[in-house]
Structure formats: structure tokens, C-alpha cells
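Participant: Take a look at the following structure, please.
The values are calculated or read from the model by the stated rules, or taken from the named source; none is laboratory data. No experiment lies behind these values; they were computed from the predicted model shown. When we count neighbours, we look across all protein chains shown, and the Cβ atoms used for this are built from the backbone with ideal geometry, even at glycine. For the accessible areas, the whole protein counts, side chains as well, though only heavy atoms, and no ligand, DNA or RNA atoms are used. Shrake-Rupley method; radii C 1.70, N 1.55, O 1.52, S 1.80 Å.
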Amino acid sequence: MIPLTKPFFNRKEIEQVQKVLESGWVAGQGPVSNKFEKKLAKYVGTKYAITLSNCTAALHLSLLALGIKSGDEVLVADYTFPATGHSVMYCGAKPVFVDINPKTYNIEPSMIEQKITSKTKAIIPVHAFGQPAEMDAINELAEKHRLKVVEDAACALGAKYKNKYAGTISDVGCFSFHGRKGITTGEGGCYSYR
Ligand SMILES: Cc1ncc(COP(=O)(O)O)c(C=O)c1O
């Protein structure tokens, strides 16, 4: 059998996890998660990073924070994990899928404008498998149509687009720390913003 992924933990990491268990801080908001948030924000270059139970919650809360509500439409890259579209539906809004470029698996900027209606409020580009989407073109369209942008950077921690970290090139960026990702907290995620 070839596993999709197998996380690797070294001795030091196992000891650090043991220390957290022994401290009793097994829920969020403990000193180690606060330290992790600060380190992560510093690494990607944002002011804040807020850790959550997973990236799905990060996408959902980001959209709520940006005012997405029932009756709104949000453009979503159509090659993604279901959570991207679900997060829009959790706000009562409608995900409207936009085709990807088959060469990059990322949202095709030239397909975006034809999907914009008077109800469109935001775009969620996905950095598929960690490959950054074309953020310049996406941000330009968002500015033109006054749309918010939430980057689904679930798989993209550490990836760079023109010298900026993926997840830091728009209003909010969301990361996943699920066991299949570059770094893992078991389940986990965060959103970061300036
Ligand atoms: C592109 C994308 N978005 C969102 C998610 C959801 O992440 P989580 O499992 O941390 O909720 C994933 C998970 O694989 C993903 O690949």
C-alpha cells in the first residue's frame, strides 16, 4: 500500500507535545498555541494569525468577518477540496464555481469576470497543492468590482508568489495543519491578516 501521506515527528517534537499534554492545556488558547500564532504571523509577515480547529473553520470565519451573508455569491476556484465551497454555504451564501487553468490547476483569471453579478461579494482563489494562484490578476479584478479576496492557502504554507507568502496577498489567508499538509498539528488551521 502507498499511503497518501505519513507525517514525520522527531524526538524533540514528540517531547514538546508531551509537555503540552502534561501542562493540561489540551484546549486552544494555551501558551503554546499563542506562541505558535505569533511565530506563524512573523514567518508569513502578517500582523495576526488566529489558530482554529481546522482550515474549514478559518475559511468560514474569514467570510463572516468580511460580512458575507445569505443571498451573497462568492466565486470559488472549481478545482479544490469541498471545504472551500462549504465555507461559503455555511454563511448562507452561494458558491459560484470558476474554471481553472488546466496547466496550473488554479483559478483562471480570464474566466472570473463573466461570473460576477450584482450579488458577488468575494473571490476565493485556491493555491492548489501549494502552487500560488495568479494573485495580481485576481486582486486587480477584485479591486475593479469591489470584491473581497480570501486565499485558500490550505496546502500552501511557505509557498511564495512574487516574493510574498501565499496567504498574505489579499484580505485574509487560510492555512490547514491537517496531517496531509506541510506542517501538522493533527487537525488544525488558522487565518492570518495584516
Ligand atoms: C484546498 C483546501 N481547502 C481547505 C481544506 C480544509 O482543510 P481542513 O481539513 O484543515 O479543514 C483542505 C484540506 O485538505 C484543502 O485541501
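Participant: Write down the percent of antiparallel bridges among all DSSP beta bridges whose residues are both part of the range 44-158, to the nearest 5.
Facilitator: 10
Participant: What fraction of the DSSP beta bridges in the chain is antiparallel, stated in percent and rounded to the nearest 5?
Facilitator: 45
Participant: Another question about this same structure. Which order, highest average first, do 2-13, 176-187 follow once you tally other Cβ atoms within 10 Å for each residue and take the mean per peptide?
Facilitator: Sorting 2-13, 176-187 by mean packing, highest first, produces 176-187, 2-13.
Participant: Another question, then. Short version: ³J(HN,Hα) in whole Hz for each residue of the range 96-110, in order, from phi by Karplus 6.51 cos²θ - 1.76 cosθ + 1.60 (θ = phi - 60°), x for Gly and Pro, what are they?
Facilitator: 10, 7, 10, 4, 9, 8, x, 7, 10, 6, 10, 3, 8, x, 6
Participant: Measure off 7 Å from each Cα along the Cα-to-Cβ vector at His145 and Ala27, then give the distance between these two points in nanometres to one decimal.
Facilitator: 4.1
Participant: Also: Gaussian network model of the chain, Cα springs within a sub-10 Å range: biggest mean-square fluctuation belongs to which of Phe175, Phe97, Phe36?
Facilitator: Phe36
Participant: Accessible area per residue for the range 1-40 in Å², computed with a 1.4 Å probe and the full protein assembly in place, what is it?
Facilitator: Value for the range 1-40: 96 Å² per residue.
Participant: With a 1.4 Å probe and every protein chain kept in, tell me what percent of the accessible surface of the chain is carbon plus sulfur.
Facilitator: Carbon and sulfur atoms account for 56 percent of the accessible area of the chain.
Participant: Another one. How big is the Cα convex hull of the range 24-173 in projection, averaged over all directions, in nm²?
Facilitator: 8.9
Participant: So, one more: Local charge sum around Ala159 (other residues, Cβ-Cβ under 14 Å, Lys/Arg +1, Asp/Glu -1)?
Facilitator: Local net charge: +1.
Participant: Also, I was wondering about something else. Using per-residue counts of other Cβ atoms within 10 Å, averaged over each peptide, order 145-152, 160-167 from highest down.
Facilitator: Most protected by this proxy first, the peptides run 145-152, 160-167.
Participant: What 222 nm value per residue comes from the helices of the chain, counting each DSSP H run with n ≥ 4 as -39,500 (n - 2.57) and dividing by all residues, nearest 500 deg cm²/dmol?
Facilitator: Roughly -9000 deg cm²/dmol at 222 nm, from the helical runs in the chain.
Participant: Roughly what % of Cα-Cα distances in the range 86-194 sit above 25 Å, to the whole percent?
Facilitator: The share of Cα pairs beyond 25 Å in the range 86-194 comes to 18 percent.
Participant: For the range 35-93, what class follows from the C-alpha gyration tensor (a ≥ b ≥ c being the square roots of its eigenvalues): rounded when a/c is under 1.5, otherwise prolate if a/b is larger than b/c, else oblate?
Facilitator: Since a/c reaches 1.5 and a/b is larger than b/c, the shape of the range 35-93 is classed as prolate.
Participant: Another question about this same structure. Quick one: of Lys103/Lys144; Lys39/Lys121; Lys115/Lys144, which pairs are farther than 20 Å apart, Cα to Cα?
Facilitator: Violating the 20 Å limit, Cα to Cα: Lys103/Lys144; Lys39/Lys121.
Participant: Sort out for me the Cα centre separation of the range 131-162 from the range 53-79, rounded to whole Å.
Facilitator: 14
Participant: Under 37 °C and 0.692 mPa s, how fast does the range 16-59 diffuse according to Stokes-Einstein, given a Kirkwood radius computed over C-alpha pairs? Answer in µm²/s, whole number.
Facilitator: For the chosen part, D equals 288 µm²/s.
Participant: Now a separate question. Report, by chain and number, residues whose modeled amide H sits under 5 Å from the one on Val172, excluding near sequence neighbours (fewer than 5 apart, same chain).
Facilitator: Val149, Glu151
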